[in-house]
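Right, one structure below, let's go through it.
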Ligand code: AMP
Ligand code: GLY
């Protein structure tokens, strides 16, 4: 089968790496891809929001399945674009329909879905510029810290957590009246703050049946000890040591099942990944967000632990036969450490020559922001490489990743040295 994968990060390199292990994948295109995907598949330089260009490529190369990595094309409706086109309608797109993608594209849509289907989530209300005064009043009824969420996609930056009431009111005004996050903050969800531990849960669904994938924990802040600015993610661990069978059972019955049943009740077509962000408060899982794709860098630990054939799973998703396949998971722990450009997540330089990748042994180097230039691999983004390792426990896996990172070099390279330290006693 000829497959097209959309995206260019570490997530896409990991998905490409895994799909190419399947005997069912005869040819893989990645658009636009990176230097890592260029080494194992065929990169195509195109804009993944330009659906007409995607259509031309799909028809020209006789692509038989499209797998979507990031959320943007999904929120823009790539699933529906294929479904409604005479020449494309029989080519499955792995991802939700445009309305399903609203679970990530609109925080308010997600909250209404959660409430409608009685899925545990933080109390909230939503406001616009016309109701900003009501927003101030709502803030006054809450205890600090205050959680303000831009309704729309804001590249992971749209959530503010603020201690001081006056500051929270000012930021609410900045978001609604002064378009702090552009169109994304025309509406703002104000949410009750949940004090607990975060956990990410991943599900693959065909809209009726589902498979729970391994859990993962991400490290979002740039600095050690979880300090500094938020990033796309600086490392990940799977499985999460505190996610025991009792907690997983609660997550499945109270959250995953009603989510999939919710798709059916609401008539939402959904054939892809659901990434559920949870906060565990006194042992009880509560949803803080849905994403309609896999996480990055969580994919770089979840997908390597999957022993089953990923293309077979995607085919089962397309055929709505996910109940007929079994999921085989590697019992070992996997960890990944992100190697980033100095300055990230603020300004950073690109084009730095990356040395030492060929010396890495017993870890997998997934490329994120890289490209090939005159035959050399150079940095091309904030997050540059994800170094994934296996171990009998996460400590062993992390040690391997750090030993291999020592062999890598580029100018101003940075990585967190404390991934997993917070879990040492769990
Ligand atoms: P989100 O984009 O909704 O995942 O939010 C980004 C981050 O904000 C999350 O990873 C949490 O650390 C934090 N967060 C979001 N919602 C809440 C909440 N209701 N209570 C506490 N922290 C939250
Ligand atoms: N690592 C978090 C995300 O992919 O949204």
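Every residue, every condition in (1) surrounded by 23 or more Cβ atoms within 10 Å (Cβ to Cβ); (2) within 16 Å of ligand 1 (Cβ to nearest atom); (3) closer than 23 Å to residue 236 by Cβ; (4) at pLDDT 95 or above, yes or no:
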{"residue": "20", "(1), (2), (3), (4)": "no, no, yes, yes"}
{"residue": "23", "(1), (2), (3), (4)": "no, no, no, yes"}
{"residue": "47", "(1), (2), (3), (4)": "no, no, no, yes"}
{"residue": "57", "(1), (2), (3), (4)": "no, no, no, yes"}
{"residue": "68", "(1), (2), (3), (4)": "yes, no, yes, yes"}
{"residue": "91", "(1), (2), (3), (4)": "no, no, no, yes"}
{"residue": "95", "(1), (2), (3), (4)": "yes, no, yes, yes"}
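Would you check which residues across the stretch 217-254 are away from ligand 1 (no atom under 15 Å from the Cβ), outside any strand (DSSP E or B) and surrounded by 14 or more Cβ atoms within 10 Å (Cβ to Cβ) and list them? Answer for the stretch 217-254, where residues must be away from ligand 1 (no atom under 15 Å from the Cβ), outside any strand (DSSP E or B) and surrounded by 14 or more Cβ atoms within 10 Å (Cβ to Cβ): 224, 239, 241, 242, 243, 247, 248, 250, 251, 252, 254. On inspection, residue 15 qualifies as at pLDDT 95 or above and either in contact with a strand residue (DSSP E or B) (Cβ under 8 Å, 6 or more places away or on another chain) or on the phi > 0 side of the Ramachandran plot (or both).
Residue-by-condition table, conditions (1) within 30 Å of residue 47 (Cβ to Cβ); (2) out of contact with any helix residue (DSSP H, G or I) (no Cβ under 6 Å at 6 or more places or on another chain); (3) at pLDDT 95 or above:
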site: 63; (1), (2), (3): yes, yes, yes
site: 79; (1), (2), (3): yes, yes, yes
site: 103; (1), (2), (3): yes, no, yes
site: 115; (1), (2), (3): no, yes, yes
site: 128; (1), (2), (3): no, yes, no
site: 132; (1), (2), (3): no, no, no
site: 135; (1), (2), (3): no, no, no
site: 149; (1), (2), (3): yes, no, no
site: 155; (1), (2), (3): yes, yes, no
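Is it true that some residue in the stretch 176-191 is touching a helix residue (DSSP H, G or I) at 6+ places or on another chain (Cβ under 6 Å), surrounded by fewer than 16 Cβ atoms within 10 Å (Cβ to Cβ) and not in a helix (DSSP H, G or I)? There is at least one residue in the stretch 176-191 that is touching a helix residue (DSSP H, G or I) at 6+ places or on another chain (Cβ under 6 Å), surrounded by fewer than 16 Cβ atoms within 10 Å (Cβ to Cβ) and not in a helix (DSSP H, G or I).
When 237, 197, 222 are screened for being in contact with a strand residue (DSSP E or B) (Cβ under 9 Å, 6 or more places away or on another chain) and within 22 Å of residue 303 (Cα to Cα), only 237 passes.
Residue check: residue 198 meets all listed conditions (1) away from ligand 2 (no atom under 14 Å from the Cβ); (2) over 19 Å from residue 133 (Cα atoms) but one, namely (1). The numbered conditions (1) away from ligand 2 (no atom under 16 Å from the Cβ); (2) within 27 Å of residue 254 (Cβ to Cβ); (3) crowded, with 20+ Cβ neighbours inside 10 Å are all true for residue 139 except (2). All conditions in (1) without any contact (Cβ under 8 Å) to a residue 60 or more places away in the chain; (2) away from ligand 1 (no atom under 16 Å from the Cβ) hold for residue 211, with the sole exception of (1). Scanning the stretch 193-208 for residues that are assigned to a strand (DSSP E or B) and either closer than 29 Å to residue 97 by Cβ or away from ligand 1 (no atom under 13 Å from the Cβ) (or both) gives 198, 199, 200, 201, 202, 203, 204, 205.
The values are calculated or read from the model by the stated rules, or taken from the named source; none is laboratory data. On a predicted model such as this, the values are computed, not experimentally measured, just so you know. Note that each Cβ is placed from the backbone with ideal geometry, even for glycine, and that neighbours are counted across all protein chains shown.
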